There are 2 protein chains.
Amino acid sequence: MNTYKVKFLPHERVVEVAEGDNLIKAAMEAGVHINASCGGEGVCGKCRVVIESGSVEGGLSEKLAKEDIDAGVRLACRSKVVEDLTVRIPVESSMSDKSALDIQRVPRKTARIMQMDFEQLKDQGLFVPPVEKKYLELPPPDAGENVPDVTRLVNVLRLKHDEHRLEFLLPVIRLIPDVIREQDFKVTVTLVRPVREDGGKTQVINIQPGDTTAMNYAIAVDIGTTTVYGELIDLGSGEILAREGDFNAQISFGEDIITRIVHAEKPGGLKKLHDLVTGTINKIIKSVIKQSGVDPENISTITLAGNTTMTQLLLEVNPRHIRRSPYVPASTFYPPIRARDIDLALGEHVTALVYPQISSYVGGDIVAGVMGSGLYRSEELTLFIDIGTNAEIVIGNRDWLVCAACSAGPAFEGGGITFGMRAAKGAIEDFSIDPETLEPMLLTHGNTKPVGICGSGLIIMVAQLFEAGVIDSGGQINKDLDNPRIRHKDNIYEYVVVWKESTGIDRDIVLTEIDIDNLIRAKGAIYSGSQTLLDEVGLGIDQISRIVLSGGFGSYIDLEKAMTIGLLPEIEPEKVTFIGNGSLMGARMSALTNRIRRDVGQVVQKMTNFELSETNSYMDHYMAALFLPHTDINLFPRLRDRMKARRGGAAA
Amino acid sequence: MNTYKVKFLPHERVVEVAEGDNLIKAAMEAGVHINASCGGEGVCGKCRVVIESGSVEGGLSEKLAKEDIDAGVRLACRSKVVEDLTVRIPVESSMSDKSALDIQRVPRKTARIMQMDFEQLKDQGLFVPPVEKKYLELPPPDAGENVPDVTRLVNVLRLKHDEHRLEFLLPVIRLIPDVIREQDFKVTVTLVRPVREDGGKTQVINIQPGDTTAMNYAIAVDIGTTTVYGELIDLGSGEILAREGDFNAQISFGEDIITRIVHAEKPGGLKKLHDLVTGTINKIIKSVIKQSGVDPENISTITLAGNTTMTQLLLEVNPRHIRRSPYVPASTFYPPIRARDIDLALGEHVTALVYPQISSYVGGDIVAGVMGSGLYRSEELTLFIDIGTNAEIVIGNRDWLVCAACSAGPAFEGGGITFGMRAAKGAIEDFSIDPETLEPMLLTHGNTKPVGICGSGLIIMVAQLFEAGVIDSGGQINKDLDNPRIRHKDNIYEYVVVWKESTGIDRDIVLTEIDIDNLIRAKGAIYSGSQTLLDEVGLGIDQISRIVLSGGFGSYIDLEKAMTIGLLPEIEPEKVTFIGNGSLMGARMSALTNRIRRDVGQVVQKMTNFELSETNSYMDHYMAALFLPHTDINLFPRLRDRMKARRGGAAA
């Protein structure tokens, strides 16, 4: 990917950005402010900039007069970087000179979602999907050689493809006689590898006429309590051909796991919740098939990861004992299952592989994150944090692993936040504020009019409002500020993020004190969980080599901001890897490499589960963490120093 | 089993019979004749005998006057032997003196169905069912030890029962959380053993509260083209607790395999035939459950054996290529299947084990016979003959095996015989004739009024009528005989076996020339099949150490009579073992010993299939065999000598 230099004037700030990034994104990276409130749709017309050297792609708008255009004026949000540029931010777009200087003090450390390196996977011999296709040319039977059809297949697989210990399931045996005769005894078979090469059988699950080896696909699914995400993956290239996400339809029976379990215990409740989640998954399956245009017959497997309750509800295994002391899940491992047997709308041959669980509150989603991120193969001592309605924390490396779970609430997934939403089209995912005028600069997912705020946007927003002094460390809005964006409505103070004219929903998008409080509780739970688990294993954060951050709340995360609000302990941002939705990544990885299935058994056995609720220090840690960033500011020295400097500057 | 000596007067013939046998049976064995036509129901009142010493159980009847009873007169068919006896047959019961002398020349060599010797099986380490129950006492979970429920089970199975490589299927995982808590963490699990002890996994298919290890049952089923038989077996003792047989409901779509296949190729035909045969099996399942009174929840497995077409129809695998050159079946092996998946009315946990096939016309029924009879483990060179609508022949021992199939028609199962029936209640299964009066002595299955003739009865009847000169070697009835039992009706000659007054059907039971012709064609096909296969492997009948005879046509077979009609080659009767329904025996054995599943793979691979239709000599052998016993009487020297002696006697 090409990168180009963009110099912003009058600040003389230079930033390197990727080809195709727009100038708002570049400004965000550079720490300069441009008023911009329509999310990149180009309709507010506020983000006028002058291109002084080089040229951009796009950037024109009917909001701009011809003479302005001739003078090099463009809308920053519509201007794509395709070469080195010098860009001047005119006074009317910046509004306050102080803003740039102030924001400059907070370096941006955006962590984009780590991409898989297929070449590396191939080099390591890891790119071996559990489901493989083989093209076979069978000798036609004659009077002298009339072995059964299956034997004919087995003979060719053995002699020409070195495939042994084959097992044919009944549904595929039913297909064989007709399919092999359809294209002159030329067929493609789909094989499911055993977990271990030296044991178990290779299952033949499908047979198709002709050569279809170039078309072999998997669907990977993360089943979250709040949201469900799916991807359709090309098992030949590893490429993700389509993505879809949706709210888990079980939400109608409660937002948290406990309410779901209570419902599952009622007559017919388990079946109902199973039907709801499979309904959501089936909608996602339908969508990714449609988006990608693949023939469903060529989808060979579906891999699924979810927390323990979600997994049991998917498999119709009653979760009643999960919520009762001593909190016992039904099983760690589940065998490969025919997708049809759990009501998934896929071909009769499709095998469903479900991630194993550790305990009632550390489930397959976390195991998937640990496996997918490669943490379990790493030498480095790693802190893995999965941010979701239920947050889970893992510490360890390839030698040892401990884990714990805590209830964070759904704030990072958009739950309990007035305009919260998941990271979908129109979600505000990046934000900066002019500390004087309180005018925002924002970017939305898909560059369309804002319709809400997703987790990553929320973190950035609260961090910026906090550093700008709009909210205090208790999460209260500064009532002394005289600004139209700060208002008191229905007895609650709120900050207006976007005026309704610039939104896609014809209402003001606001952030309320209640929203902020919910966010603080969520981040407090996660931070204190990490601290407690570190305490339990006798480690300090400085002994951690790497933080792996997982969460389906945005396509990137501003790490410094996450530390500013006290979600993450303050460490060097370079040590943090953001893997996005770790559960989905793990599901995808298990579709791409059979090694995961081989290794996961050991990982599950190795991982020691701590019950935070039975740890005395957890509640103390939690109470102390219910501030921005924390009761003890000395735990966040970089922030402390910045705030000191700012107070000093204000005093000067 | 106790045996007692019975001496018949005036013949001075002594015979040893089993305790509980009736005196008609004893007379049959002794070769003495007592008129008896009601099958043992005691209603014809003809079989009066005088007990001269010892006493019998039963034998009383309102047909007998008080003074007769006081004088020791009993009805032979109602008299059970419980000690040594001397019995006089009065003139009126015997009628012809010649009869006894004549019949005396034909030694009876009844082969009863070989019974399984469980002690021997145990000694050989073979009595190890593939499905086993284990009683477990689990430690209840507590806060300090809250592993998942399945892990708790696995730990106890591993540590206390040395069970490893366990696999839990989803349906049983669904049961576990509630069942283990039902009786204080005391449970019984049902395990399916892998085919090989050193590979594969042990599947846990069921879990029940408390200790149910004493109740572990299997159902074994033989799926014949004409009839279906089932047994319910106690896997603890090996005992057969209930039996049932019924006509295969597919018969409505044709009596032979080809017609069934033709129907299966029509739209919806395969499903229809599948539904019909599973309907028949389900009726049998229901009946054996009811008869035995076992709780269906304790039935752990169903083992099934059938010919290739029956197996494919059961499993809904289209058999279209079976009837088309080069006659290719879909598969040799079928994996273990959940009984529910093939619509069998059994518990969700029940595993169905289906016997593998050799070729299109040598199917799982024959493999079952070869496995069940132990032929495949024997050193002796054995000729195995399965008598059914499709007859199959196997020659070999533990080192090599060859097989062939031929179409015999359904005569031995009662098909194409005017009063033919399967070996059920009221079937005439033993018979002797007074060669002078042509009065019969007969025994029925269940000692009730005769309603028809089963296969074993038919063999004896035709042999006796032939030796008595009632029918000639071409199967024609001697029209010169002046006897009310020989008559010409509807243009066909027939012998009246039972007058309607003594039957259970209010019609004369007859044997017609057409019936005899059908029997000759059937036995001719089987005999010539055996001869052709012997020719193919370059062996003569004198090199065969043992004949294993299989067929569901009666509970015993009179071997000398089977040789008399030319069904079997003439060898020493001691060399012949009758195993009854070999397919059913094999199904039963595979429920009792997992060794069968281990060995069957090798047996199937070892067995070489010959296509008789492609063997020139088969038709020659067949044409020569369409006589009683054969065109070449010298192939049957014992019969030749008897007939010579008889002609000599007649001449004398």
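The values are calculated or read from the model by the stated rules, or taken from the named source; none is laboratory data. This structure is a prediction, so every number in the text was calculated from the model and none was measured. So basically every Cβ, Gly included, is an ideal-geometry build from the backbone, and we count neighbours across all protein chains shown. The accessibility values were calculated without ligands, DNA or RNA, using every heavy atom of the protein model including side chains. Shrake-Rupley method; radii C 1.70, N 1.55, O 1.52, S 1.80 Å.
Paramagnetic label reach from B:GLN543 (point 7 Å along Cα→Cβ; backbone nitrogen cut-off under 16 Å): within the range B:619-633, no residues.
Summing Cβ point charges (Lys, Arg +1; Asp, Glu -1) relative to the Cα centre of chain A gives a dipole of roughly 640 debye. Here the contact order of chain A, divided by its residue count and restricted to Cα pairs under 8 Å and six or more residues apart, works out to 14 percent.
Bridgeable aspartates and glutamates around A:LYS63 (alpha carbons under 13 Å apart, same-chain partners fewer than 8 residues away excluded): A:GLU41. Relative contact order for the range B:336-478: 13 percent, from Cα pairs under 8 Å spaced at least 6 residues apart, divided by residue count.
The Cα trace of the range A:113-193 gives Rg and Dmax of 16.4, 61 Å, the first to one decimal, the second as a whole number.
A cut-off of 5 Å between modelled amide H atoms, ignoring neighbours fewer than 5 places along the same chain, links A:GLY580 with A:MET114, A:GLY551. Each Lys and Arg adds +1 at its Cβ and each Asp and Glu adds -1 at its Cβ; summed about the Cα centre, the protein assembly as shown shows a dipole of about 460 debye. The simple Förster model, with R0 at 45 Å and r as the Cβ-Cβ distance, assigns A:LYS5 and A:GLU197 a FRET efficiency of 0.35. Placing a pseudo-label 7 Å from each Cα along the Cα-to-Cβ vector at A:HIS164 and B:ILE69 gives an inter-label distance of 7.7 nm.
The calculated FRET efficiency for A:VAL50 paired with A:SER325, based on their beta-carbon distance and R0 = 60 Å, is about 0.35.
Semi-axes of the equivalent ellipsoid of the range B:3-94 are 18, 13, 13 Å, computed as sqrt(5λ) over the eigenvalues of the C-alpha gyration tensor in descending order. Can you give me the C-alpha center-to-center distance between the range B:38-94 and the range B:143-199, rounded to a whole angstrom? Between the Cα centre of the range B:38-94 and that of the range B:143-199, the gap is 62 Å.
With a cut-off of 16 Å on the backbone N, the residues of the range A:557-586 near the modelled label site 7 Å out from A:ARG377 along Cα-Cβ are A:585-586.
Based on protein heavy atoms only, the range B:3-94 ends up with 41 Å² per residue of surface accessible to a 1.4 Å probe.
Between the residues B:LEU313, B:LEU344, B:GLY224, the greatest Cα displacement towards the positive end of the dipole of the range B:217-354, with unit charges on the Cβ of Lys, Arg, Asp and Glu, is found for B:LEU313.
Along its first, second and third principal axes, ordered by size, the protein assembly as shown spans 150, 60, 49 Å in Cα coordinates. With all pairs of separate Cα atoms included, the range A:412-519 yields a Kirkwood hydrodynamic radius of 13.5 Å. Each principal axis of the range B:262-337 carries a Cα extent, and these read 47, 25, 16 Å when sorted largest first.
Averaging 1/r across all pairs of distinct Cα atoms in the range B:211-306 and inverting the result yields a Kirkwood radius of 14.2 Å.
Taking 20 Å as the limit for the C-alpha separation, the pairs A:LYS133/B:LYS271; A:LYS80/A:LYS449; B:LYS523/B:LYS644; A:LYS425/A:LYS449; B:LYS122/B:LYS286 exceed it in the case of A:LYS133/B:LYS271; B:LYS523/B:LYS644; B:LYS122/B:LYS286. In the range B:310-335, the residues whose accessible area drops by at least 50 square angstrom when the other protein chains are added to the isolated chain are B:HIS321, B:PRO326, B:VAL328, B:ALA330, B:PRO335; the probe is 1.4 Å and only protein heavy atoms count. Simple spin-label estimate for A:ASP399 and B:ASP142 gives 3.4 nm between the two label positions (7 Å along the Cα-to-Cβ direction from each Cα).
Here the average projected area of the convex hull drawn through the C-alpha atoms of the range A:450-571 stands at 8.7 nm². Whole angstrom only: what separates the Cα centroid of the range A:268-317 from the Cα centroid of the range A:613-641? Rounded to whole Å, the Cα centres lie 39 Å apart.
Chains A and B together bury roughly 3100 Å² of accessible area, counting both sides, with a 1.4 Å probe on protein heavy atoms only.
With kT/(6 pi eta Rh) evaluated at 37 °C and eta = 0.692 mPa s, and Rh the Kirkwood radius from Cα pairs, the range A:581-630 diffuses with a coefficient of 233 µm²/s according to Stokes-Einstein. Over chain B, DSSP H runs of length four or greater, each weighted -39,500 (n - 2.57), average out per residue to a 222 nm ellipticity of -9000 deg cm²/dmol.
At q = 0.12, 0.22 Å⁻¹, what is the base-10 log of I(q)/I(0) for the range B:518-652 according to the Debye formula with one equal point scatterer per Cα and no solvent? Please give it to two decimals. These q points yield log10 I(q)/I(0) values of -0.60, -1.42. With N the number of residues in chain A, Rg(Cα) / (2.2 N^0.38 Å) evaluates to 1.05.
Taking all protein chains into account, the per residue accessible area for the range A:412-519 stands at 34 Å² (1.4 Å probe).
The value given for the range B:191-350 is a Kirkwood hydrodynamic radius of 16.8 Å, derived from the mean inverse Cα-Cα separation. Before anything else, pin down the relative contact order of the range B:463-583: Cα pairs under 8 Å, at least 6 apart, normalised by residue count, whole percent. In percent, rounded to a whole number, it is 20.
For the residues A:MET643, A:MET461, a 1.4 Å probe over the protein chains yields an accessible-area ranking, largest first, of A:MET643, A:MET461. Length, then width, then depth: along the principal axes, the Cα atoms of the range A:387-470 run 51, 28, 24 Å. The range B:419-469 and the range B:585-602 have Cα centres spaced 35 Å apart. The Rg/Rh ratio of the range A:349-399, with both radii computed over alpha carbons and Rh defined as the Kirkwood radius, is 1.03.
Helix screen, chain B: DSSP H segments with Cα axial length of 24 Å or more and mean Kyte-Doolittle hydropathy at least -1.0 are B:269-292, B:513-536.
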